[in-house]
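Worksheet for the structure shown next.
The values are calculated or read from the model by the stated rules, or taken from the named source; none is laboratory data. Here the structure is a predicted model, which is why all the values come from computation and not from measurement. Glycine also receives a Cβ, built like all others from the backbone with ideal geometry; neighbour counts cover every protein chain displayed.
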Amino acid sequence: MEPDFKKIIREAKGLMSEEDYRELYHEAIKIGKGTIVEIGPARGAGTIVLGLAARQNSDIEHIITIDSFQNSRSIKSFDNIEENIEDLRNNLAAFDCGEKVTIMVAGHEDWELIRECPITMLVIDADGALDRDFSNYYNLLTPGARVFVDDCEAKLNSHVRLYYTRERTGYTDNPEEDAGGYLEKISPLGKECMTRCFIDYLIREGFLEVLSKGHKAITFKKSEPSLLFSETNLTEMQQIRERMKEELIAIRSKTMRIAGRLRPQLQEIQEKTGCEEILVMKGVPMDRDIRYYPIYGIGKDGKRASDIGRIYEKDIHKSGYGDKQVLLLKTRRLLKKDKYALVISGLPDQKPFCIPLKRKRSLVSALDAVETETQQLFKSLELSSL
Ligand SMILES: C[S@@+](CC[C@H](N)C(=O)[O-])C[C@H]1O[C@@H](n2cnc3c(N)ncnc32)[C@H](O)[C@@H]1O
């Protein structure tokens, strides 16, 4: 009988679809003698599926599952590695399927053990860095081994749309400087897009053959006869990441140009109030709160505003945030969903900031227009395979 995938998703907070867990299970129960390596188990839904498959398929001798167990919103604690490992162990124990599972922390893998395993299946659902994963594992896969990859899509995820492509991080109008640390992200255009570009490369170069496509995951077979994944392949994949950075800068210059239309209205407020900086934030519902992302800002003497990071509405006390004043721009229609905030700093004498209703309305409609145009830009982007 098939496992209860809904229950697994519910109890281990699985992030893939039921269809994709089912596909993973049916592939795993068919594979030959050897080891499964999973990268990015998070709280273990996929590992449970593999563990249950191992109870049906005695050829699955070992399941090695590797996660960074930190800096992710998909795990129980954001930064407590031990607690996250314990959570994964408990979830496996709840389904009584952990006996063949070895848990490893990314960056501290037991390579001696991994290298002596014939790997018959590789499951990847981590951060999109398939150049690293294929360079580590491809040559250890047995001929015809299965490779299951989640989130392979030509799209920008919401995090990238809100954050990498738009946040203002400094006093510069140069999109490259403005992108700052986002250019150093392992997946500059996000996991989905990066995975898609890398998978296209691996198919093009003859490393993988598509077996089936699920909801967001794809199952591949290691091509036969096997090719050797070389240093050159790694370099070529790293060049894809460089091209992705260029795309990110190009998108940023477009979003900056669109948002730049807010400047006259903001300058008028600045002149009227005598404040030093105004930052426009876009609110997005998150964790039963509203999280504000900076989308545009102006600073002193025609310059840009300084970085403020992201803020939750619950952290905005009365009208302020630290030494800054915050004005929430709620409109009735958008009350619960999207809304904007203005963060003002350097007001003379810290006078309370207020804005006449008429100006507030015209600012909200200007913000709506900028948002609509930005969304249209994202929709119209053709994400090439690089
Ligand atoms: C989308 S979640 C995985 C969801 C999970 N497979 C499931 O079925 O619910 C991505 C996971 O990848 C992990 N991760 C991020 N970078 C990693 C790395 N370099 N190596 C291994 N895991 C990583 C994150 O900690 C997170 O737990």
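Looking only at the stretch 190-226, count how many residues are aromatic (Phe, Trp, Tyr) and within 17 Å of the chain's Cα centre (by Cα).
From the stretch 190-226, those aromatic (Phe, Trp, Tyr) are 198, 201, 207, 220; that's our starting set.
Now restrict to residues that are within 17 Å of the chain's Cα centre (by Cα): 198.
Number satisfying all stated conditions: 1.
Quick test of your reading of the structure: Pro225 fulfils all but one of (1) surrounded by fewer than 16 Cβ atoms within 10 Å (Cβ to Cβ); (2) of a type outside the set (D, E, K, R); (3) part of a helix (DSSP H, G or I). Name the failing condition by number.
(3)
In the stretch 172-214, what count of residues is obtained for those that are closer than 28 Å to Ser306 by Cα and surrounded by fewer than 17 Cβ atoms within 10 Å (Cβ to Cβ)?
The total comes to 9.
Return a yes/no flag: does the stretch 191-211 have any residue that is of a type outside the set (Gly, Ala, Ser), without any contact (Cβ under 8 Å) to a residue 60 or more places away in the chain and over 18 Å from Leu122 (Cβ atoms).
yes
Mind listing just one residue for me: the one in the stretch 347-380 that is more than 30 Å from Ile249 (Cα to Cα) and either at pLDDT 90 or above or of a type in the set (D, E, K, R) (or both) and, of those, surrounded by the fewest Cβ atoms within 10 Å (Cβ to Cβ)?
Asp349
Of the residues that make up the stretch 86-94, is at least one within 23 Å of the chain's Cα centre (by Cα) and either not basic (Lys, Arg) or not in a loop (DSSP other than H, G, I, E, B) (or both)?
Yes - at least one qualifying residue is present in the stretch 86-94.
Please indicate, with yes or no, whether at least one residue in the stretch 280-297 is in the same structural domain as Ile316 (by TED's automatic domain parsing), in a helix (DSSP H, G or I) and at pLDDT below 90.
no
Whether any residue in the stretch 106-124 is surrounded by 15 or more Cβ atoms within 10 Å (Cβ to Cβ) and over 20 Å from Ala145 (Cβ atoms) is what I want to check.
So far as the stretch 106-124 goes, yes, one or more of its residues are surrounded by 15 or more Cβ atoms within 10 Å (Cβ to Cβ) and over 20 Å from Ala145 (Cβ atoms).
Applying the selection to the stretch 113-140, what residues are assigned to a loop (DSSP other than H, G, I, E, B) and more than 14 Å from the ligand (Cβ to nearest atom)?
Taking the stretch 113-140 as the starting set, the residues that turn out to be assigned to a loop (DSSP other than H, G, I, E, B) are 116-118, 125-129.
Correct list: Glu116, Cys117, Pro118.
Test of understanding: among Ile298, Ile344, Ile269, which residue is of a type in the set (Val, Ile, Thr), in contact with a Phe, Trp or Tyr (Cβ under 8 Å, 6 or more places away or on another chain), touching a residue at least 24 places away in the same chain (Cβ under 8 Å) and crowded, with 18+ Cβ neighbours inside 10 Å?
Going through Ile298, Ile344, Ile269 in turn, the sole match is Ile344.
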